[in-house]
Each structure stands twice: as C-alpha cells, then as structure tokens.
1. Let me know the Kirkwood hydrodynamic radius for the stretch B:107-155, please, with Cα pairs as the basis and the value in Å to one decimal.
2. Tell me the mean residue ellipticity at 222 nm calculated for chain A from its helices only (DSSP H runs of n ≥ 4, each -39500 (n - 2.57), averaged over every residue, nearest 500).
3. Testing the spin-label approximation: label points 7 Å from Cα along Cα→Cβ at A:Arg205 and B:Lys175. State their distance in nm.
4. If a/c stays under 1.5 just call it rounded; otherwise compare a/b with b/c (prolate if a/b is bigger, oblate if not). Do that for the protein assembly as shown, with a ≥ b ≥ c from the square roots of the Cα gyration tensor eigenvalues.
5. What gaps in nm, shortest first, separate B:Asp107 from its twins in the other copies when you place the label 7 Å past Cα toward the beta carbon?
6. Per-residue Cβ counts within 10 Å, from other chains only, averaged over B:72-79: what number is that?
7. GNM on chain A, C-alpha springs below 10 Å: top fluctuator among A:Gly63, A:Gly95, A:Gly28?
8. To make sure I understand the rule: partners must be lysines, Cα under 22 Å from the Cα of A:Lys185, and not fewer than 8 residues away in the same chain. Which ones qualify?
There are 2 protein chains.
Amino acid sequence: MNVKDEVTDKYSLRGRVYSKIREDILDGRYRNGDELREIAIGEELGVSRTPVREAFRQLELEGLIRIVPNKGAYVTGITAKDVKDIYMIRSMLEGLAAKWATENITDEQMNEMEENICLSEFHSSKGHAAQMSELDNRFHEILYEACGSKMLEHQLIEYHEYVLRVRRKTLSQNKRGSESTEEHKMIMEAIKQKDAKKAESAANRHIVNAYENMVRNGLKEAYPEN
Amino acid sequence: MNVKDEVTDKYSLRGRVYSKIREDILDGRYRNGDELREIAIGEELGVSRTPVREAFRQLELEGLIRIVPNKGAYVTGITAKDVKDIYMIRSMLEGLAAKWATENITDEQMNEMEENICLSEFHSSKGHAAQMSELDNRFHEILYEACGSKMLEHQLIEYHEYVLRVRRKTLSQNKRGSESTEEHKMIMEAIKQKDAKKAESAANRHIVNAYENMVRNGLKEAYPEN
DNA sequence: TACTGCATAATTGTATACAATTATACGATT
DNA sequence: AATCGTATAATTGTATACAATTATGCAGTA
C-alpha cells in the first residue's frame, strides 16, 4: 500500500463518518442510552443514510452502540470502570507484545525505538507537550509492530485508540512525561537484552502507571460511574 | 430484555450476511488474497449490495478483509500462526477473567458452573461428543459473564467465536474431553475458593493445553503457513 | 513485438425510493 | 378516566439508480 492509498482511506467518506460518530461517543457528546437516528446524523455530516448505516455496523461490532433490529441504535458508551478494565487488559497484552518483541524486533525497529527515547528525553526536558504526546504514541506503535503478531498488533492498536480519546478528558501534564520516558527506556533495554520476563513486567507496569496517573488527574470525574 | 429480543438479537446483531461471509473466510472457502465482489456475494445470498457492504465494513474492522477504496475487498484470512497467537492472547485474557471472577461471580453463576462440570463428567464418560462441545462452550461463556467486565467479556467472546470455527477444522476427539473437564473443575474450584492466582494459572494452562491438543490433531495442515 | 492512448466495461461510492416494522396519536368503548 | 384498537407517522431494512473510479480490450504506433 502506498502513501496515497493511506491518505485516501483515511479521508474517505466511510472512514470520516465512522470516525466522527466514534469520536462523539468517546468524547461524551452522545451519552449512554442515547438513540442515534440515521437521518439526523446523516444530515449533520452532510451524507445520506448509507454511509451512516455502515458506520453503525462497525460501531456495534466495537461495542460502542447496540443496534436493536427495526428499532434503532443506542449508545453503550464507556464508563470509568470500562476504562480501568481496558487499561488492565492492555497492561497484559502490552506485556505480551514486549515479550514477543524480544524475539521478533528488527534492527530498524530497535533503532527507531532508541531514537524515539532520545527525542523524548530532549522534549521532556524542554516541556514540549505536543511532541511528547506524539513520541509516546509512536513508541507504542513501534512496540506493536515489533511484536511480530498481526493479531496482537491489531488488538493493541484498537485499545490504544480508545486511550487516545480518553486521555483528552484528563489534563495533560508534563510531570508524567519524564517518568513515562524512563519506563519506555526500561522496556527498550529489556527488549535489547532479549530479557523477555523483564520486558513483559516493565510493559505491564508502564500501562498500570499510566492508568494510575490518569486517575490522579480526574478520570473518575470525566466518566459516569457505572 | 425478554427471550424474544435475545433470539432476534442473536440472528441480526451480526447479520446473516456478515456471519456467512465470515464463516466462509474462517472455514477457508475464500482464501488469502481473494477479491470479494459485492454483487456476486449478494446474488449468492439472495440480497442486494447494501447488506453486503455493511458486512464488509464489519469484516474489515475485524481484520478479516482489507478494503481498498474504489477498488475492492480482499481476504486477509488467518494463518496457522494467527491461530497460535490468538490462543496465546486468549490464554492470558482467560486467566484474567478467571482472576476477576473470584471477586465477581454470583451464586447463580457458580451454581451453573458446578452443574456444567457435573454434566460434562457424565457425558464424557458416555462419549457424547455433541453435548460435550455444547457444555464446553457454555462453561467459557459462564466464565466470561462471571468476570464482571463488559469489555473483557466482549473481547473473549470474539476470540471464542474464532475458535469455534477453527476447531471444526481439526478432528474432535473425546480423549481430550475428560482432560478438559478436569481442567474446568480446577478453574471452578479455584474461583470458589477465591484463589485468584490459582484460578488465573489454571485458566492460562487450560487454553494452552487446548491449543496443543489442536496442534496434535492437525491444525498446521489445516491452515496456510504464513 | 511491446507500448501507448482511448473507448468501453466493470466495480465501488453514494443517494434515493420503496417495503417492513415500530412508535404515536386519537377516538371509541367500557 | 382508563384502556383498547386503529390509523397515521416515523424509522429502519433493502433494493435500485446514478456518479465516480478503476479495470480491460483493442487499435494504432514505434
């Protein structure tokens, strides 16, 4: 797949409609139990029902809405507990990815990981929040690619996307930045040493720490209790 | 939600068209790289392009096909390695579910689990393959419900569905039946004793054992190598 | 032969029309 | 007043029409 394809894909109507509704659910614009009407959403986005319906089917598969046949689509949303569960699940899977990466990472991926950490240390010291966020995302993407499993990569990307939205709700703060980079470094070094156990536990802890940081920054207040 | 809703739900939540195409991919009728044409599949199933397109969007989200805009839908399929990866991922998540179940299982769920194992022992001794299969599926469903996490349950059901298809490809054999029941019993007892660690490791091992049994029964021969 | 350019066909993307189902309003009946 | 039944409206499910894009075949040319 060349670059043009990727761009086309990303901005195609299909993707756009799906992404928009998904974002609105994860951002809390549509709330738990809200009924989504095909025509209303279509008009809002300037499209017909067809692309909206296709998006609905995807959202249902993802568990964000529930479609009752011949009745309608109802937002399932996510609660504070869901977010916690996702982080716990992700902690395990991220550990598995780190473990597998010790066997499967390529030299090129290893290099990009080291470069990523080097840059993170720089921008962290400067307090560049936007760059830090970008580098953090990229670190995890590299890890997912490096695990050598299409299935695990696919799964982790899905959870990571959840997290990107959730994080918007909590305050971004750069104190976590240096801690996070330090943890990335530990994961990277364990992978470099091919120490599977160490890589796994470091990745486990990293995600749990990220979650606990979010809780301290008002996650509970941003999501419904149940 | 009454019974009728559940039934309706079961057959349309993931529509008929989606299920059929998915099955055909997982059963190997469509092979890696095959191009799926909306009209052809629609005619085969006696529907128009609209439901087929909706199914395609879902299958793409699941990673079973890849849609290139304005070109077509191409089967991604699953390889022997994918199956292995899924089992390893599922092993971890099933362990997590068992761990969480020690805290969240209801008396009713515990009872059904015990009943399930009792029946499994009976049908195993009689060599009733169909009942064994049904009871095995149900055991895992109970475990997923009992973990008390919508997110984890959703995820495990998805993986479990994969497995249902995959298992068809390997010979079902009843020697595994008694072993499997024994393992279920260990998981159940650990949950009953609220021994989280024991429950987790027992569930981990159970899934790994199930995978190894599948390998012994010709999994590799049933799927493409890469 | 190999390659280019154009016309045609095939396929997907989107909008719309119609059918099936469900929700709602309102009058009749008790 | 409350309830039931029916007519109407609203909404979803599916099919089809048309537009946009891509694939294909073929004549012409070097």
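1. Values: mean 1/r = 0.0879 Å⁻¹.
The Cα-based Kirkwood calculation yields 11.4 Å.
2. Details: 11 runs with 170 residues, N = 226.
Result for chain A, helices only: -25000 deg cm²/dmol.
3. 4.5 nm
4. Values: a/c = 1.39, a/b = 1.11, b/c = 1.25.
The shape class here is rounded.
5. 6.6
6. On the way: counts 0, 0, 0, 0, 2, 0, 2, 2.
Partner-chain Cβ atoms within 10 Å, mean over residues of B:72-79: 1.
7. Evaluated over chain A, the most mobile residue of the options is A:Gly63.
8. Excluding near neighbours in sequence, the set is A:Lys99, A:Lys126, A:Lys175, A:Lys194, A:Lys197, A:Lys198.
Laboratory data are not the source of any read-out in this text; all were calculated from the coordinates shown. All figures in this text were calculated on a predicted structure; none of them were measured in a lab. Counting neighbours? That spans all protein chains shown, and the Cβs are built from the backbone with ideal geometry, glycine included.
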